[in-house]
Amino acid sequence: MTHRALAAALALVLAAAMPAFAGDPQPARQDRTRAEIPARALFICAADAETRAAFQRQHGVEPVFMTAEQVLEARRDDITWRAPRCMTEREYARLAQSDTAFAAQRAPR
């Protein structure tokens, strides 16, 4: 066997084996994603089965839906959570409307 043929065969074997040596990239991506998510992250989520399944696949937990009032209470009491939480579009609209009221509540005492 010539050197070129041997090198080509070795390259093919290494190329086929590389995915096995690389390991599963999914946990590293999930760890990086979790590290980038703030301690009080909220996502606007639909409540259908597909969205719930996608949320659980990406974040490792079932979605927990919050109301605008619950979010305001969490902000006021400085409550955080590890996994992101969800709110519906309607609740987000209510939260956006109440942001000015929240700012007034947070004024220094």
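The values are calculated or read from the model by the stated rules, or taken from the named source; none is laboratory data. Quick caveat: nothing in here was measured; it's all calculated off a predicted structure. The accessibility values were calculated without ligands, DNA or RNA, using every heavy atom of the protein model including side chains. Shrake-Rupley method; radii C 1.70, N 1.55, O 1.52, S 1.80 Å.
Ordered by 1.4 Å accessible area with all protein chains kept, Glu69, Glu62 run largest first as Glu62, Glu69. In this structure the amide hydrogen of Cys86, modeled in the peptide plane, comes within under 5 Å of the amide hydrogens of Phe43, Val64, Phe65, Met66, none closer than 5 places in sequence on its chain.
Accessible area per residue (1.4 Å probe, heavy atoms of protein chains only) ranks Arg85, Arg90 as Arg90, Arg85, with the largest value leading.
The gain in end-to-end length when the Trp81 to Ala54 segment is fully stretched comes to 7.8 nm, 0.36 nm per residue minus the alpha carbon separation.
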